[in-house]
Structures are given as structure tokens and as C-alpha cells.
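First the structure, in the form of C-alpha cells, and then the observations on it.
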Amino acid sequence: MPLFALPLLAVPAPLPAQTAGAPYSIDDQSFGRLQDAVDAIGEGEGTIRIAPGYHRDCAVQTAGRIAFVAAEPGRAIFDGVTCEGKAALVLRGAGARIDGLVFQNMRVPDGNGAGIRLETSDLDVVNAMFRNSEEGILTADDPGATLTIDRSTFSRLGRCDRGLSCAHSVYTGVYGKVVVTRTRFEKGSGGHYLKTRAMTVDINDNSFDDTQGTSTNYMIDLPSGSVGQIANNMFVQGRNKENYSALIAVAAEERKNPSRGLAIAGNRASLPLGLNRKSVFVADWSGEALAIGANELGAGLTRFEKR
């Protein structure tokens, strides 16, 4: 079992409302509004450097390939402002990259306030933090695209209240592939930690720590089925659950994607110490042959259950 890599992003020290100078820059050009910087790139390709501080701002990308990069990782914080009633960043261009940013306090009327709403194309997220919001990342469908998340943290996210559909720490539509590596999920406040309808997944070397979660559900939900791998992760199920019947769920809602050969191996999972409760590590509704290898399971956990 490899060591579980902790995200490199630390909780930032308090910052002023905005540091001196322009908050956004592209090469030597400065901008006071994030949308103006995005529009300046247009259909081209460029990097927007984001200064330290609390940015009560948002933007919609409709074209081009844009990298949104913190000048100081962990100290550029998008706080509580959404565009289109969706997210701080609404992405439907030709591709995007997020590096070193923090997203927090995102809430909208439909209960899906997110740091990022990804509507099309590839997205790479690295060394980012999503916290204290209804959702971290929410996507539409793009079967030809890939979402990659690496070395990031998702904390105090998700909800199932107000009679609205649940929100989750990460929820993707029908993407071609979702890759999540070296990332921490913790302290969920409802819904699932990682829910994806991707056709292929690579969920490797992450930690899912539900010990301080409240009213949470599955750790990983593949509601339409999926192939690929879930490997070398650490799972700890919390006490305060809306649904504690399983940690990983496969095809619980539909069998739209093939699941035959989905590899689940090298993981460690446990229930809280002293809790006399039983759960299932992998619950499967697909009816296909999953490739469940060796996993280290604590007391009270059953390896597999067909549902």
C-alpha cells in the first residue's frame, strides 16, 4: 500500500480584502475584473495570474483555453460570489486549468452553488481547495472530455435539504473519463463525496475521511456504472450518516455504462472505533463481473454485496 499523499495546499493565513494592485494579470496586462481578463483571452490561449486576497468576483469562460493560476498557491480565495447562479467559474470554453486556488462559501437558490461549474471540454484541477459550499465541482455531460483532479482538498461540502436534489462534494455528468489522485475528501455536510457518471474512472491514492461528516451518503457513487479502477485509497466511514449501507456504490441508479472489469484493489477501509454497525465495502447493482482484488477491510465491513 503506498503512502497516502496529503494535498500540498495549506489553509491560508488571514488576508486583507484585496491586496494592492490589480487582482488579475495576463503577462504584463492587468485587469480589475476577472471577466475582463477572460474576455481578453477570447478564443486564444492564455494564463490568468490571480493575486493573493479575497476575490468576491466570478467569470464565465465561453471560448479559448485558459489557465487560472494563483500567484501564491492557497492565498487567492474566491469567496461567495457566483455567475449565472451557478459557480465562481463557469467553464464552457475549449479547455481550462485551475492551479492553487481556493473556493469557499458558494450558495445559490437551486442548492448547487459550486466553486466550478464545468459545462464542456477538459479541465485539470491541481493543488486547489473547495470548502464550506453546497458543491465543490459540478459538471454537465461531455463524453469526449476528461476531468482531472490532483492534490486537492474538498471539505464541508454537500447538502440534502430544502426539498431540492442533493448536492455533492464532486458530481460529474457523463464525462469520458474522471481521474482523481492524491486528493482529500473530508467533513461532508450531505450527499456523496464523489459521484460521477463518467464512463471510465481512475480514483487512486486518495483519502475519504468521513469521521467529521454529517448526514453523508456513499464515499464513491458510480450511479450509471463505470470501468477503470478504484485503487490505493483510504476510507473511514463516519458515525453521522444519512445512508451507511455501503462505501462504494456501482450502478445504483441505472446500468447505462459498462462495469465489467472495474478494478477495486489495494484500498483500506474502516468504520469508527467502538461503533457496533455493519456496512458493505462495494455494493453492486450492475450484475456484471467486477474485478475486486485484495483490500484491507476493518471490522464490520463486508467485502461485496450484489443488490
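Remarks
- Per residue solvent-accessible surface (Å²) - the chain, probe of 1.4 Å: 39 Å²
- Here the simple spin-label model places points 7 Å from the Cα toward Cβ, and for GLU253 and ALA291 these points are separated by 2.7 nm.
- Summing Cβ point charges (Lys, Arg +1; Asp, Glu -1) relative to the Cα centre of the chain gives a dipole of roughly 1040 debye.
- Only lysines eight or more places from LYS241 in sequence, or on another chain, were considered; those with a Cα closer than 24 Å are LYS187, LYS195, LYS278, LYS306.
- Largest mean-square fluctuation among SER30, SER224, SER207, in a Gaussian network model of the chain whose springs join Cα atoms under 10 Å apart, belongs to SER30.
- The range 262-306 shape via C-alpha gyration tensor axes, a/c threshold 1.5: oblate
- Cα gyration tensor shape of the range 86-208, rounded if a/c is under 1.5, else prolate or oblate by comparing a/b with b/c: rounded
- Relative packing of peptides 183-189, 232-238 - highest average C-beta neighbours within 10 Å first: 183-189, 232-238
- Take the convex hull of the alpha carbons in the chain; its mean projected area over all directions comes to 15.2 nm².
- A simple spin-label model places pseudo-atoms 7 Å from Cα toward Cβ; at THR302 and ARG33 they are separated by 5.8 nm.
- Positive dipole terminus of the range 15-131, leading residue within ALA128, ILE50, GLY95 (C-beta point charges): ALA128
- Rounded to 5, percent antiparallel among DSSP beta bridges of the chain: 5 percent
The values are calculated or read from the model by the stated rules, or taken from the named source; none is laboratory data. What you see is a predicted model; the values in this text were computed from it and never measured. Please note: Cβ atoms are built from the backbone with ideal geometry, for glycine as well, and neighbour counts cover all protein chains shown. Remember, those area values only see protein heavy atoms, side chains included, never the ligands or the DNA or RNA. Shrake-Rupley method; radii C 1.70, N 1.55, O 1.52, S 1.80 Å.
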